[in-house]
Amino acid sequence: MKIGYQALGCYGTRLFLNNPEKHPRKQLLEAMRRKHCDKIYVDSLNGPKHIGYIVAREWFTIREIHDWQG
């Protein structure tokens, strides 16, 4: 079960976006008090893959947080 998202910034910023119902982009913009962001892509074997956003000159990689079933 998905709990939410974690945004990891290039300068060490860690934001926990705890509402899995909301899109992580919207939560990230609210947390940073901004209205605009750009997407970050990385090259993979299957073509470009979207991995995060640039907000206020900081790169954020978005990761999903799930319950651990151990």
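Scanning the range 34-49 for residues that are within 14 Å of Arg63 (Cβ to Cβ) and surrounded by fewer than 15 Cβ atoms within 10 Å (Cβ to Cβ) turns up at least one hit. In the range 3-27, the residues that are part of a strand (DSSP E or B) form Cβ pairs under 6 Å with partners that are β-branched (Val, Ile, Thr), at six or more places apart or across chains, as follows: Ile3/Ile65; Gly4/Ile65; Tyr5/Ile62; Gln6/Ile65; Ala7/Ile62; Leu8/Thr61.
Only one of the numbered conditions (1) of a type in the set (Ser, Thr, Tyr); (2) surrounded by fewer than 13 Cβ atoms within 10 Å (Cβ to Cβ); (3) in contact with a Leu (Cβ under 7 Å, 6 or more places away or on another chain) is violated by Tyr53, and that is (2).
Here's the yes/no breakdown for (1) modelled with pLDDT under 95; (2) at negative phi; (3) within 11 Å of the chain's Cα centre (by Cα); (4) not in a strand (DSSP E or B):
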{"site": "Leu29", "(1), (2), (3), (4)": "no, yes, yes, yes"}
{"site": "His36", "(1), (2), (3), (4)": "no, yes, no, yes"}
{"site": "Lys39", "(1), (2), (3), (4)": "no, yes, yes, no"}
{"site": "Asp43", "(1), (2), (3), (4)": "no, yes, no, no"}
{"site": "Pro48", "(1), (2), (3), (4)": "no, yes, no, no"}
{"site": "Tyr53", "(1), (2), (3), (4)": "no, yes, yes, no"}
{"site": "Trp59", "(1), (2), (3), (4)": "no, yes, yes, no"}
{"site": "Glu64", "(1), (2), (3), (4)": "yes, yes, yes, no"}
{"site": "Gly70", "(1), (2), (3), (4)": "yes, yes, no, yes"}
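The values are calculated or read from the model by the stated rules, or taken from the named source; none is laboratory data. Owing to the predicted nature of the structure, the values given are computational and were not obtained by experimental measurement. Backbone-built Cβ (ideal geometry, glycine too); neighbour counts: all protein chains shown.
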